[in-house]
Amino acid sequence: MKVTRRKILKSIGAAALFPALPARAMAPFRLGLTPVFLDNDAEVIERLRTAFSSSLGVDIELEQRRTYEEVTGLLLEGSIDAAWLCGYPYLQHRRMLSLLAVPVWNGKSLYQSYLIAGKDSDAGDLGDLRGRTHAFSDPDSNSGYLVTVSDLARMGERPEDFFRRTIFTYGHRNVVRAVADGLVESGSVDGYVWEALMKAEPELASRTKVLRRSEWLGFPPFCARTDRIANPRVQAMQQALLDLDKTADGRVALDLLQLDGMTIAEPSLYDGIDARMRDLGPTRG
């Protein structure tokens, strides 16, 4: 085909009117996931990826890490665009992080920390666990660490002196399993996860019992860096989270997670966690 000067000029004009989209605009959206949710279940992961990808119109990369610290670090350094965190690391870095959305569970964006022991344990409360072995979930977990440690602080105790030995399991399900299997005598666990396990894996959770429930506290939130909160991609993810219950894949994912949906929340939702942080003294962030 003969290429004329007119065709070349027409092509140049089109390029000027419709420049190529920036590569960053089409890059995958990177969402960090921590052990805050029930389990790294392949079906949950795939349903979330499909639902978010459909809403955003770009591929979704779900970044999973073993600890809260790792995922929080990726978010702070800008290696991921948003993350499902816990109220504790959110507050630790409140100057740099903002809330995108908060899950709704049983009609509210609140949950409790559970102190659990083996089903046949003679312990009845925290005071009965002195000198015994205990499992925490993660040092940056509210329900899996902060609540119990702040309860001890209010008693004038420290975990390293109160318990004979402590371990970190890096997963709430792992705390339940460690207690149920007798690897430790007690544990600190996310009450939402324990209740979800009672439905999904009753043979596991029923081998433990709840000794103490904390007050209701702000549910683990989805967060983004404050300096990126107005970014169109981040805004689109916020809307995708809020609309999760309106898509087939989103509803399946929510059902698997035993959640109602997502909502907008104010930082004041986490005042109870903030009060417990103050019991431990100054924190970073």
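Observations, loosely collected:
- 3J(HN,Hα) couplings calculated from phi for the range 256-261 with the Karplus curve 6.51 cos²θ - 1.76 cosθ + 1.60 (θ = phi - 60°) are, in sequence order, 5, 7, 6, 10, 7, x Hz; Gly and Pro show x.
- For the chain, the residue among LEU204, ILE264, VAL234 whose Cα projects farthest onto the positive side of the dipole built from Cβ charges is VAL234.
- Residues ARG47, ARG225, ARG130, ranked from the fewest to the most other C-beta atoms within 10 Å, line up as ARG130, ARG225, ARG47.
- Bridge type composition, the range 113-214 - antiparallel percent by DSSP, nearest 5: 60 percent
- A cut-off under 12 angstrom between Cβ atoms defines the neighbours of SER150, and their net charge, with Lys, Arg +1 and Asp, Glu -1, is -1.
- For the range 48-76 versus the range 174-191, the spacing of their alpha-carbon centroids is 28 Å.
- Here the 3J(HN,Hα) profile of the range 232-242, calculated from phi with Karplus coefficients 6.51, -1.76 and 1.60 at θ = phi - 60°, is x, 5, 5, 4, 5, 5, 4, 5, 5, 5, 5 Hz, Gly and Pro shown as x.
- Bridge type composition, the chain - antiparallel percent by DSSP, nearest 5: 60 percent
- In this simple spin-label model, placing a label point 7 Å from the Cα along the Cα-to-Cβ direction at both LYS209 and MET96 gives a separation of 4.5 nm.
- Relative contact order of the chain, defined on C-alpha pairs under 8 angstrom at six or more residues apart (%): 28 percent
- Considering only the range 25-122, percent of DSSP beta bridges that pair antiparallel, nearest 5: 10 percent
Rule-based calculations on the coordinates, nothing more; no lab input. Keep in mind that this is a model prediction, so the values were computed, not measured. Backbone-built Cβ (ideal geometry, glycine too); neighbour counts: all protein chains shown.
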